[in-house]
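Report on the following structure.
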Ligand code: NAP
């Protein structure tokens, strides 16, 4: 069993990005610039945004954090997006989700210029991804593909079962794994909460991507020997065994599943760190005009 170490891989990638930024700087080029819009004070969003800003600083990007209180109006937010769309210094920006209920998330996503949509959530990027055209790929699926690539995990001709069909993880993951590419070229089954007899399906899988958000859902008796496991889930539950009083759980019962696996991502330290570094990669791609 080999651990797919997202912490180590993302650290190596950050060094590569940092070196590239230094090269741009010494050639007198423009420093990549990412902006993040954060609405309200949701604990999870605050943590994610802080890590994104910190990662930008580490690799030498310029970053801007634009904050609004929970009661910001949809029109004020849309006006800001319009302003960022035409800001030539910005290579990309993201609006941290979720947004308060009175704001239409889809409207906000679609207001972002797809050429600056480094989260890859705009329908143009989603559509281009679907067609196998150059596009900004959502950070979590992109991070998973990078991890598979760096560890040279075989995917060609394999049966890949994706559990979860969200627009940010499961569905783009199913598209990427079925694309004519390496990694890719897998035969994909996309499962969700209406899938009957899930265990019969997971038992046939060479690769399982668990992205459903149910702690330790995938048990040892649901996988075959030699399987590759990508555990996307992160659920924070109270624990009396940790100093913080919390413990993070993936969607996979690691202790049961890992002895049967060829490759497996841990939680934490697997997919999570790859997500942030992928956002940096997208910003760099945008700065270098490599997608559009
Ligand atoms: P989501 O939008 O809630 O989607 C969950 C998906 O799982 C849905 O498609 C749902 O089916 C399916 N599902 C739920 N229960 C199921 C069951 N019992 N059997 C089969 N399918 C089931 O979640 P998400 O945003 O994709 O995130 C999934 C997990 O990944 C969460 O734990 C989240 O925190 C984590 N995550 C981690 C990262 C990272 O960087 N590590 C990034 C993003 C998300 P229906 O469509 O039928 O409802």
- prompt: Considering only strands (runs of 3 or more DSSP E) fully contained in the range 209-282, which possess at least 2 residues that are surrounded by fewer than 22 Cβ atoms within 10 Å (Cβ to Cβ)?
  reply: 235-238, 246-249, 261-264
statement: Restricting attention to the range 111-131, the residues that are in contact (Cβ under 8 Å) with a residue 60 or more places away in the chain and outside any helix (DSSP H, G or I) number exactly 3
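On the basis of being within 16 Å of the ligand (Cβ to nearest atom), more than 23 Å from residue 284 (Cα to Cα) and modelled with pLDDT of 95 or more, does residue 147 make the cut?
Values: within 16 Å of the ligand (Cβ to nearest atom): yes; more than 23 Å from residue 284 (Cα to Cα): no; modelled with pLDDT of 95 or more: yes.
So residue 147 does not fit the description; no.
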message: What's the total number of residues in the range 90-135 that are within 28 Å of residue 160 (Cβ to Cβ) and in contact with a strand residue (DSSP E or B) (Cβ under 8 Å, 6 or more places away or on another chain)?
response: 5
- request: Tell me, yes or no, whether the range 65-84 has at least one residue that is surrounded by fewer than 22 Cβ atoms within 10 Å (Cβ to Cβ) and either closer than 25 Å to residue 265 by Cβ or under 21 Å from the mean Cα position of the chain (by Cα) (or both).
  value: yes
message: Please determine whether any residue of the range 43-50 is buried (at least 18 other Cβ atoms within 10 Å of the Cβ) and touching a helix residue (DSSP H, G or I) at 6+ places or on another chain (Cβ under 7 Å).
response: no
- prompt: Identify, please: which residue in the range 158-170 is in contact with a helix residue (DSSP H, G or I) (Cβ under 8 Å, 6 or more places away or on another chain) and under 25 Å from residue 221 (Cβ atoms) and is, among those, farthest from the ligand (Cβ to nearest atom)?
  reply: 160
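Say we look at the range 26-77 and pick out the residues that are under 24 Å from residue 107 (Cβ atoms), out of contact with any strand residue (DSSP E or B) (no Cβ under 8 Å at 6 or more places or on another chain) and not in a loop (DSSP other than H, G, I, E, B); which of these is modelled with the lowest pLDDT?
In the first step, residues of the range 26-77 are kept if they are under 24 Å from residue 107 (Cβ atoms); the result is 34-42, 44-46, 48-49, 52, 64-77.
With out of contact with any strand residue (DSSP E or B) (no Cβ under 8 Å at 6 or more places or on another chain) added as a condition, the list becomes 41-42, 44, 48, 71, 73-75.
This time we only want the ones that are not in a loop (DSSP other than H, G, I, E, B), so: 44, 48, 74-75.
Numbers: 44: 89, 48: 93, 74: 98, 75: 98.
Per the stated criteria, the residue is 44.
Conditions (1) in a strand (DSSP E or B); (2) out of contact with any helix residue (DSSP H, G or I) (no Cβ under 8 Å at 6 or more places or on another chain); (3) within 16 Å of residue 271 (Cα to Cα), marked per residue:
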site: 145; (1), (2), (3): no, no, yes
site: 156; (1), (2), (3): no, yes, no
site: 172; (1), (2), (3): no, no, yes
site: 181; (1), (2), (3): no, yes, no
site: 188; (1), (2), (3): yes, no, no
- request: Please specify each residue of the range 212-268 satisfying the condition of being closer than 17 Å to residue 2 by Cβ, touching a residue at least 60 places away in the same chain (Cβ under 8 Å) and within 14 Å of the ligand (Cβ to nearest atom).
  value: 230, 265, 266
field: Residue that is surrounded by fewer than 19 Cβ atoms within 10 Å (Cβ to Cβ) and in contact with a helix residue (DSSP H, G or I) (Cβ under 6 Å, 6 or more places away or on another chain), where the choices are 30, 54, 7
entry: 7
- request: Go through (1) at pLDDT 95 or above; (2) within 16 Å of the ligand (Cβ to nearest atom) and name the single condition residue 286 misses.
  value: (2)
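The values are calculated or read from the model by the stated rules, or taken from the named source; none is laboratory data. As the structure is a computational prediction, the values presented were derived from the model and not from experiment. Backbone-built Cβ (ideal geometry, glycine too); neighbour counts: all protein chains shown.
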